[in-house]
Amino acid sequence: MAEKACKRCRRLVKGNMCPACKDSELTKNWRGVLVIFDPESEIAKEAGITAPGKYAVKIK
Ligand SMILES: [Zn+2]
């Protein structure tokens, strides 16, 4: 099953609701995978990500 990306936080979601936002605003139109292990890292800060997980780099 293809993952969808949350339009709010860009987290990749397998179900129909983002577990972080409790939101069902998901899209299949996303590109690139960003895996965040450390939310304190520069990459996470630059991307505005505050929790570890898999995220889409771009959402259309
Ligand atoms: Zn979300």
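Using unit Cβ charges (K, R positive; D, E negative) and no other charged atoms, how large, in debye to the nearest 20, is the dipole of segment 4-59 about its Cα centre? Don't jump to the answer; show the numbers that get you there.
Details: 12 positive and 6 negative charges, 84 e Å.
The calculated dipole for segment 4-59 is roughly 400 debye.
Any idea which of ASN16, GLY32, VAL57 is furthest toward the positive side of the dipole for the chain, if Lys and Arg beta-carbons carry +1 and Asp and Glu beta-carbons -1? Final value for the positive-end residue is ASN16. When ARG8, ARG31 are sorted by how many other C-beta atoms sit within 10 angstrom of their C-beta, beginning with the fewest, the order is ARG31, ARG8. P(r) for the chain, from all Cα pairs and a bin width of 10 Å, is 27, 56, 17, 0 %, short bins first.
Left without a cysteine partner by the 4.7 Å Cβ rule in the chain: CYS9. Close lysine pairs were tallied over segment 4-59: pairs 8 or more places apart or on different chains with Cα atoms under 16 Å apart number 16.
Since every read-out is calculated from the coordinates, none of them should be taken as a lab result. As the structure is a computational prediction, the values presented were derived from the model and not from experiment. Glycine also receives a Cβ, built like all others from the backbone with ideal geometry; neighbour counts cover every protein chain displayed.
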